[in-house]
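Q: I am attaching a structure below and will ask some questions about it afterwards.
The values are calculated or read from the model by the stated rules, or taken from the named source; none is laboratory data. Please read these numbers as outputs of a predicted model, since none were measured by experiment. For neighbour counting, all protein chains shown are included, and Cβ atoms are generated from backbone atoms with ideal geometry for every residue, glycine included. What goes into the accessible areas is simple: the full protein's heavy atoms, side chains included, and nothing from ligands, DNA or RNA. Shrake-Rupley method; radii C 1.70, N 1.55, O 1.52, S 1.80 Å.
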Amino acid sequence: MAKRTASTGTPATLLLQQAGVPHTLHKYVHDPAATDFGLEAARELGLPPERIFKTLMVMADANLAVAVVPVSGNLNLKFFAAALGAKKSVLADPLAAQRRTGYVLGGISPLGQRQSSPTVLDSSAVDYPTILVSGGRRGLDIELAAQDLIRLTGARLAAIGTG
């Protein structure tokens, strides 16, 4: 019987490969003591934090949704709710986020989630030829065009970030 080897890809990277989307993987050594994963990525990769986007799971009314905002700022929950036509939004419970996406905190990618959710990408993403999002694990980011991210996730574009 042939020996099976573990896949080195993540659901996010496999989705990009299957879709034929041009992208670049950026790996870095994640410090287990780090808690601000996005700023750690910016620092380790030597890139401006405005180009690196964090993925947050949010409860919009009673539904889970995805917010993708620059790590240089924060998510405006009021603007996020408005972008989805919801009355209220709050950050999702971390365990619920991990269960829904299949990823660990600090490695949640907007791509290849276990269960898809409505997604809103901060409008600043289109200011850059490419942006970086989590590749599906800590220490791995994916660089791609914002339009490709929008197409693959069905995201809507809205001003949901602050800073």
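Q: Would you check if Ala67 is open to solvent by 10 Å² or more (accessible area, probe 1.4 Å), of a type in the set (A, V, I, L, M) and touching a strand residue (DSSP E or B) at 6+ places or on another chain (Cβ under 8 Å)?
A: No; evaluated as a whole, the condition is false for this residue.
Q: I would also like to ask the following. I'm trying to understand the selection: among the residues of the stretch 98-135, which are modelled with pLDDT of 95 or more and among the hydroxyl-bearing types (Ser, Thr, Tyr)?
A: Matches in the stretch 98-135: Thr101, Tyr103, Ser109, Ser117, Thr119, Ser123, Ser124, Tyr128, Thr130, Ser134.
Q: Residues Lys78, Lys87, Lys54: which one is surrounded by fewer than 17 Cβ atoms within 10 Å (Cβ to Cβ) and in contact with a helix residue (DSSP H, G or I) (Cβ under 8 Å, 6 or more places away or on another chain)?
A: Lys87
Q: How about the stretch 1-51: which of its residues are among the β-branched types (Val, Ile, Thr) and either modelled with pLDDT under 95 or surrounded by fewer than 19 Cβ atoms within 10 Å (Cβ to Cβ) (or both)?
A: Within the stretch 1-51, Thr5, Thr8, Val21, Thr24, Val29, Thr35 meet the criteria.
Q: Name the residues in the stretch 90-130 that are of a type in the set (Gly, Ala, Ser) and either under 14 Å from the mean Cα position of the chain (by Cα) or surrounded by 14 or more Cβ atoms within 10 Å (Cβ to Cβ) (or both), would you?
A: Within the stretch 90-130, Ala92, Ala97, Gly102, Gly106, Gly107, Ser109, Gly112, Ser116, Ser117, Ser123, Ser124, Ala125 qualify.
Q: Of all the helices (runs of 4 or more DSSP H) wholly in the stretch 58-163, which have at least 1 residues that are farther than 25 Å from Gly20 by Cβ and free of Cβ contacts under 8 Å to residues at least 60 places away in the same chain?
A: Where helices (runs of 4 or more DSSP H) fall fully within the stretch 58-163 and carry at least 1 residues being farther than 25 Å from Gly20 by Cβ and free of Cβ contacts under 8 Å to residues at least 60 places away in the same chain, they are 77-84, 94-101.
Q: Something else about it: Mind checking whether some residue in the stretch 137-158 is open to solvent by 10 Å² or more (accessible area, probe 1.4 Å), touching a helix residue (DSSP H, G or I) at 6+ places or on another chain (Cβ under 6 Å) and farther than 25 Å from Lys27 by Cα?
A: Yes, the conditions are met somewhere in the stretch 137-158.
Q: I've got another one for you. For Ala41, all conditions in the list (1) part of a loop (DSSP other than H, G, I, E, B); (2) within 12 Å of Gly135 (Cβ to Cβ); (3) in contact with a strand residue (DSSP E or B) (Cβ under 6 Å, 6 or more places away or on another chain) hold save one; what is the number of the exception?
A: (1)
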